[in-house]
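Trainee: Dropping a structure here in structure tokens format, bear with me for questions.
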Amino acid sequence: MSTADRAVNVLNESGHLLSNDRNAVYGDAVHDFRRIGEVWAALLDLPLPIAPHTVAAMLAGMKLVRSQITPEHRDNWVDGAAYSALGFGTLDS
């Protein structure tokens with residue numbers, strides 16, 4: 001399997017999570033990320049909530065760190081791609 005094929009497989013799996021599993025469990029990402037941003041802002045004593053797209057970027061960053069610790073663990077790559085896509089998806093909301 002080529003590098004591009006492997007990358008497409010990760011993206012396809014991320015897309016499946018976004019369109020099926022994730023919404024069924026957590027609901028729409030923008031609402032979930034707004035709540036997370038409010039909690040994180042309160043914990044950090046920030047004057048304003050953290051924006052949903054920033055929450056998604058921070059979660060993607062967490063997955064990037066984990067991918068450096070265990071690069072062979074596919075879940076980190078799949079979830080990182082999904083968080084990145086969700087971050088972009090929140091921008092219209």
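The values are calculated or read from the model by the stated rules, or taken from the named source; none is laboratory data. Quantities reported herein were computed from a predicted structural model and do not represent experimental measurements. Note that we place each Cβ from the backbone using ideal geometry, even for glycine, and neighbour counts take in every protein chain shown. Keep in mind that these areas ignore ligands, DNA and RNA; they rest on the heavy atoms of the full protein, side chains included. Shrake-Rupley method; radii C 1.70, N 1.55, O 1.52, S 1.80 Å.
Trainee: How big is the equivalent ellipsoid of the chain along its three axes, where each semi-axis is √(5λ) from the Cα gyration tensor, reported in whole Å from largest to smallest?
Mentor: 26, 16, 10
Trainee: So, with +1 on the Cβ of K and R and -1 on the Cβ of D and E, and no other charges, what is the size of the charge dipole of region 1-91 about its Cα centre, to the nearest 20 debye?
Mentor: In debye, rounded to 20, region 1-91 gives about 80.
Trainee: What is the extension gain from Val10 to Leu91, computed as 0.36 nm multiplied by their sequence separation minus the C-alpha to C-alpha distance, in nm to one decimal?
Mentor: Fully extending the segment from Val10 to Leu91 adds 26.9 nm.
Trainee: Given H placed on each backbone N at 1.01 Å, which residues far from Ile50 in sequence or on other chains put an amide H within less than 5 Å of it?
Mentor: Here the answer is Glu38, Ala41, since their amide H atoms fall under 5 Å of that of Ile50.
Trainee: Can you list residues whose amide H is under 5 Å from Asp28's amide H, if they're 5+ apart or on another chain and H is modeled 1.01 Å from N?
Mentor: When sequence neighbours closer than 5 places are left aside, there are no close amide H contacts.
Trainee: Let me ask something else. Given a Förster distance of 22 Å, report the FRET efficiency between Thr54 and Ser19 from their Cβ-Cβ distance, rounded to the nearest 0.05.
Mentor: It comes to 0.40.
Trainee: Please turn the phi angles of region 69-86 into ³J(HN,Hα) values with the Karplus equation 6.51 cos²θ - 1.76 cosθ + 1.60 (θ = phi - 60°), one per residue in order, whole Hz, x for glycine and proline.
Mentor: 7, 10, x, 7, 7, 4, 3, 4, 5, 5, 5, x, 5, 5, 4, 4, 5, 5
Trainee: Can I ask one more? Over the chain, with every protein chain in place, what whole percent of the accessible area is carbon and sulfur at 1.4 Å, could you tell me?
Mentor: In the chain, the share of accessible area belonging to carbon and sulfur is 61 percent.
Trainee: Could you do me a favour and compute the accessible area per residue for region 12-93, 1.4 Å probe, result in Å²?
Mentor: Accessible area per residue, region 12-93: 64 Å².
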